[in-house]
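First comes the structure, then the notes that go with it.
We did not get these values from a lab; they are worked out from the coordinates using the rules stated. Predicted model only: the values in this text are computed from it and were never measured. Cβ atoms come from the backbone with ideal geometry, glycine included; neighbour counts cover every protein chain shown.
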Amino acid sequence: MADLSVDHLLGIKNITLADIELIFSTADNFKEVINRPIRKVPSLRDITIANLFFENSTRTKLSFELAEKRLSADVINFSSSSSSVTKGETLIDTVNNILAMKVDMVVMRHPNPGAAAFLSQNVNSRIVNAGDGTHEHPTQALLDAYSIREKFGEVAGKKIVIVGDILHSRVALSNIFCLQKLGAEVMVCGPTTLLPKYVKSLGVKVETNLLKALEWCDIANMLRVQHERQKLKYFPSIREYAMQYGVTKEILESLDKEITIMHPGPINRGVEITSDVADSGQSIILNQVENGVAIRMAALYLLASKISR
């Protein structure tokens, strides 16, 4: 069997095109598994995985937990709000105490960029980054690209615009790296205040006019405004943002082609996207959710195969 080139899944920047394609082909097999009457395989029966979430999460945490249970892994869940971290314990001490209980893999979300990479250098376990601050969110980018591949047959040559709060989004950065490695053209679109100054250096097109961006693209990946990460006011009001950057049914119908709508969730209905767009036939949002389980099963399975016994 082919092997990943990395021992940890820390970010899309760290992996190769061959790694992405291996994860996709493995996910194809697991997609078939999760659509069977018995949705479980014994692949990770002797593996123990700890989910460490130092930030709130619903979809990602549930998706990872379901992926682990579908693979028959033993799962322990950790929430920082009810842990010794609140008493001043360091991240390494927390994780080493968990690993002393013979845990093989750690899935971690953390508010600080680079936390997963730091952990991988200091503890003896396979690490999966489930989001580190405003840095990367590799499994989200993989499931997004996998969903595009599923709908269109391939990602290469597709024009994808990422719309919204690019400045605070780890999803945007991971998506840019992943889509470019797969041969897509990428544009970012949003208010100038929500576009990072370095964004052009990533080799993406930049557009501040939503209609122009939608006329250019085949697929629009809509991001929410991340108020919890914002310490300043980046635009006058939510209402004004929605008027300038919200996708409505009327806007989609005014285009001379049909584009595909994506969203990593959670959706702020009526802000970046209206309900009639989110629930329309042009949306593949629920496909993304289903594919998230298959992609995470694939990533966990491939990393577990590198654990020495």
Computed Rg/Rh of the chain, alpha carbon atoms with Kirkwood Rh: 0.97
Residues Asp279, Asp144 arranged by fewest to most Cβ contacts within 10 Å: Asp279, Asp144
Whole-Hz couplings from phi, Karplus 6.51/-1.76/1.60, listed for segment 270-277; x for Gly and Pro: x, 10, 7, 7, 8, 4, 5, 7
Charge tally in the Cβ shell below 11 Å around Asp19, where Lys, Arg are +1 and Asp, Glu are -1, Asp19 excluded: -1
For segment 91-96, Karplus couplings with θ = phi - 60° (6.51, -1.76, 1.60), whole Hz, Gly/Pro x: 4, 5, 4, 4, 5, 5
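Test of understanding: what is the full-extension gain from Ile76 to Asn97, defined as 0.36 nm times their sequence separation minus their Cα-Cα distance?
Length gained between Ile76 and Asn97: 6.3 nm.
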Virtual spin-label span in nm between Glu215 and Leu202, 7 Å along Cα→Cβ: 2.5 nm
With Cα atoms, 0 to 90° folded angle of helix 17-34 axis to the chain main axis: 80 degrees
Percentage relative contact order, the chain, counting C-alpha pairs under 8 Å, at least six apart: 20 percent
Cα centre as origin, Lys/Arg/Asp/Glu Cβ charges: the chain dipole, Debye: 480 debye
For Ala73, distant residues with modelled amide H under 5 Å away: Leu44
Label-point separation, Ser25 to Lys257 (7 Å along Cα→Cβ), nm: 3.0 nm
Placed amide H near Met187: partners under 5 Å, 5+ positions off or other chain: Ile160, Val161, Ile162, Lys205
Choice from Gln140, Gln288, Gln121 with maximal GNM fluctuation in the chain (Cα, 10 Å cutoff): Gln121
Computed [θ] at 222 nm, deg cm²/dmol, the chain (DSSP H ≥ 4; -39,500 (n - 2.57); rounded to nearest 500): -11500 deg cm²/dmol
Built amide H within the under 5 Å cut-off of Arg269, gap 5+: none
Hz values of 3J(HN,Hα) by residue in segment 107-118 - Karplus curve (6.51, -1.76, 1.60), Gly and Pro given as x: 9, 10, 10, 8, x, 9, x, x, 4, 5, 5, 4
Beta bridges per DSSP with both ends in the chain, % antiparallel, nearest 5: 5 percent
Peptides ranked, highest mean first, by Cβ atoms within 10 Å: ranges 62-72, 242-252: 62-72, 242-252
With Cα atoms, 0 to 90° folded angle of helix 59-70 axis to the chain main axis: 40 degrees
